[in-house]
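The values are calculated or read from the model by the stated rules, or taken from the named source; none is laboratory data. None of these values were measured; they are calculated from a predicted model. Virtual Cβ from ideal backbone geometry, glycine too; neighbours counted across all protein chains shown. Side chains are part of the model used for accessible areas, which takes the heavy atoms of the whole protein and leaves out ligands, DNA and RNA. Shrake-Rupley method; radii C 1.70, N 1.55, O 1.52, S 1.80 Å.
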Amino acid sequence: MTLDLKPDSGPSTPVPPKSAEGKTVSVADLSVPNNAREEFEKGEKSLTDNKIDNSIFHFKKAIELYASFPQAYTMLGTAYLRQSNLRDAESALEKAIQLDPKSAEANIKLGATFNQMKNYPEAEKALKQGLDLNPDAAAGHYELAKTYWAMGRWQDAEPHATRALATLPDLAPAHVLMGNILLKKKDAPGALHEFQEYLRLDPSGSMAPAVRDIIDKIQKALAIK
């Protein structure tokens with residue numbers, strides 16, 4: 001028995017730190033005029049405050065003021081992704097990559113978008129590109145682990161899930177993913193620990209009821225042994 005991993009776009013969704021997403025500064029971003037940068041910073045603050053519509057307004061304004069602003073497109077795509085507006089997220093992130101092909105962050109977020117679309121071959125392509133650009137981007141490893149799990153390639157998912165958790169141990173859904181992988185390996189005690197860790201980190205999370213159910217089943221099975 002394993003748990004289905006479903007995207008949770010609500011405000012309680014843990015957001016990896018920017019360093020974990022492969023954030024870099026491009027040459028194009030350095031030439032941004034002050035008025036566009038001010039709008040961009042307002043958009044970032046609104047996104048941090050979970051004012052998604054407001055953040056989209058400011059990111060779009062930044063782009064109006066300076067069309068060649070890859071980071072504004074990246075953050076616009078991020079805001080759309082938070083809304084589960086996947087088509088607009090895809091379009092914005094692809095534009096960011098067109099302007100700055102070496103943006104690990106944009107590639108990783110595009111991969112996350114494709115994961116939510118269930119377009120796993122394209123997700124794998126974008127995420128591998130992002131990780132080639134920044135091998136230490138933990139969010140990229142987590143998303144690629146999700147991609148491989150969805151494709152039935154749990155052996156390929158394991159090293160990426162392990163690496164993601166090494167950097168982001170408080171990313172609760174990653175523990176469910178690792179629990180699923182350990183069940184495939186027939187490591188019930190290890191899986192039990194991962195599911196319990198999820199509940200410790202996010203006891204009211206969207207997967208909590210199913211996690212409690214599977215914990216009960218594992219504990220009963222271990223007691224029988």
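Structure data summary
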item: Candidate set: region 35-51, residues that are in contact with a helix residue (DSSP H, G or I) (Cβ under 7 Å, 6 or more places away or on another chain) and farther than 22 Å from residue 107 by Cβ; chosen: the one surrounded by the fewest Cβ atoms within 10 Å (Cβ to Cβ); result: 35
item: Number of positions in region 193-216 that are part of a helix (DSSP H, G or I) and open to solvent by 10 Å² or more (accessible area, probe 1.4 Å); result: 13
item: Filter pass, residue 84 being open to solvent by less than 60 Å² (accessible area, probe 1.4 Å) and either under 17 Å from residue 146 (Cβ atoms) or not charged (D, E, K, R) (or both); result: yes
item: Test: residue in region 137-147 that is surrounded by fewer than 21 Cβ atoms within 10 Å (Cβ to Cβ) and either in contact with a Gly (Cβ under 9 Å, 6 or more places away or on another chain) or not hydroxyl-bearing (Ser, Thr, Tyr) (or both); result: no
item: Qualifying positions in region 89-107 - surrounded by fewer than 18 Cβ atoms within 10 Å (Cβ to Cβ) and farther than 15 Å from residue 63 by Cα; result: 101, 102
item: Qualifying residue in region 157-180 (condition: over 28 Å from residue 101 (Cα atoms), modelled with pLDDT of 95 or more, assigned to a loop (DSSP other than H, G, I, E, B) and open to solvent by 20 Å² or more (accessible area, probe 1.4 Å)); result: yes
item: Selected residue (only one of 190, 152 is farther than 17 Å from residue 112 by Cβ and open to solvent by less than 40 Å² (accessible area, probe 1.4 Å)); result: 190
item: Pair list, Cβ under 6 Å, 6 or more apart: region 207-225 residue more than 15 Å from residue 187 (Cβ to Cβ), other residue in a helix (DSSP H, G or I); result: 207/176; 211/195; 211/198; 211/199
item: Odd one out for residue 74, checked against (1) polar (S, T, N, Q); (2) open to solvent by 10 Å² or more (accessible area, probe 1.4 Å); (3) closer than 20 Å to residue 35 by Cβ; result: (2)
item: Test result for residue 196, more than 28 Å from residue 107 (Cβ to Cβ) and either among the polar types (S, T, N, Q) or under 15 Å from the mean Cα position of the chain (by Cα) (or both); result: yes
item: Test: residue 124 is among the acidic types (Asp, Glu) and surrounded by fewer than 24 Cβ atoms within 10 Å (Cβ to Cβ); result: yes
item: Given (1) of a type outside the set (Asp, Glu); (2) in a helix (DSSP H, G or I); (3) open to solvent by less than 20 Å² (accessible area, probe 1.4 Å), number of the condition residue 32 does not satisfy; result: (2)
item: Qualifying positions in region 181-192 - in a helix (DSSP H, G or I) and without any contact (Cβ under 8 Å) to a residue 60 or more places away in the chain; result: 181, 182, 188, 189, 190, 191, 192
